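In what follows, a structure is listed as structure tokens, so that the remarks can point back to it.
The values are calculated or read from the model by the stated rules, or taken from the named source; none is laboratory data. This is a predicted model, so every value here is computed, not measured. As a convention, Cβ positions derive from the backbone with ideal geometry for all residues, glycine included, and neighbour counts pool all protein chains shown. All accessible areas refer to the heavy atoms of the entire protein, side chains included, with ligands and DNA or RNA removed. Shrake-Rupley method; radii C 1.70, N 1.55, O 1.52, S 1.80 Å.
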Amino acid sequence: MKRVWIFGLLALLVSACSYHHKLPRGIFAAPSVEHHIRASVLVASDKIAQKQFVFKDYHSQDSVHSYKIDLADGSLTATADALATLFIPVEVNSSKHTNKYDYLAQLTYTVGSIQTDSMDSVQWFNGQPPILETRVMLEIYKVPSQQKVFSMFAARQNRVEMTDASAATQRLERKGTTLFLPFTGPVYTQQFGNDLRYTLARDLSECLTEIAQTLQQNRALFEPHLQNNVK
């Protein structure tokens, strides 16, 4: 009887497995640029469309995993790094300081699943992880006229890239191997959480790279500052 109670408690603990982390900084690999435009840019830190990515998955009644990844800091820093390939200086700050800069950059970054409108509860089908849709819009306004100078949208749709460790523990849970849940549950949660975080960072970086390249191709839009270019 005591053994049954212990296994029941362990299964309950596994069902509450959770992962909470931040989108990493330094995810944007900036290419080398010969000339920058000497114009100050503010990346508005208080106009974030989605501050967190929240996700739950379950493989059985005894196996529920929840994930929460903070998006704001990592996405704003990556956006500033992308803009810094053209402008100098670029800073992340509250929009209340807009008048101190030449341009205001506003990021609209959201992540969802193409399988459901809500990421609150997603069941695995045939052992396949969900396909995430990353959407990135970057708009740049001239200060103080508030005239929109540049706007571009980029998106990616990719299945979460799983490591061998998370795939192996996920297969065990799909088989309903309750005996191993106290061990596989926490391992799977951490491994798949890292997989989610990696996929989010990679797809955001690819979207920002596409936007940064287009921004470079349209640098003439910022012609009033071109005479002040520096290396």
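On full extension of the chain, what length is gained from ASN218 through ASP164, given 0.36 nm per residue of separation minus the C-alpha to C-alpha distance?
Extra length available between ASN218 and ASP164 comes to 15.2 nm.
For the peptides 210-216, 75-81, what is the packing order when you average, over each peptide's residues, the other Cβ atoms within 10 Å and list the highest mean first?
75-81, 210-216
Accessible area of LEU107, 1.4 Å probe, to the nearest 10 Å²?
0
With r defined as the distance between the Cβ atoms of LYS56 and ALA155 and R0 fixed at 22 Å, what FRET efficiency is calculated, to the nearest 0.05? Present the calculation step by step, with values, prior to reporting the outcome.
Working: r = 24 Å, r/R0 = 1.08.
The value I calculate is 0.40.
Each label point is 7 Å from the Cα along the Cα-to-Cβ direction; what then is the distance between the points at LYS96 and ALA29, in nm?
Each label point is offset 7 Å from its Cα along the Cβ direction, giving 4.0 nm.
Would you list VAL92, VAL160 from the most to the least accessible area, probe 1.4 Å? Don't skip to the answer; put the middle values down first.
Numbers: VAL92 65, VAL160 5 Å².
Greatest to least solvent exposure: VAL92, VAL160.
List every residue whose amide H lies under 5 Å from the amide H of SER113, counting only residues 5 or more places away in sequence or on a different chain, with H placed 1.01 Å from N in the peptide plane.
Here GLU133 satisfy the definition.
Ignoring everything but the protein chains, give the 1.4 Å probe accessible area of TYR141 in square angstrom, nearest 10.
Result for TYR141: roughly 50 Å² accessible.
Quick check: residue separation of ASP46 and THR110 times 0.36 nm, minus the Cα distance between them. What number comes out in nm? Mind showing how you got there, number by number?
Working: separation 64, 0.36 × 64 = 23.04 nm, distance 1.49 nm.
Taking 0.36 nm per residue and subtracting the Cα distance, the gain is 21.5 nm.
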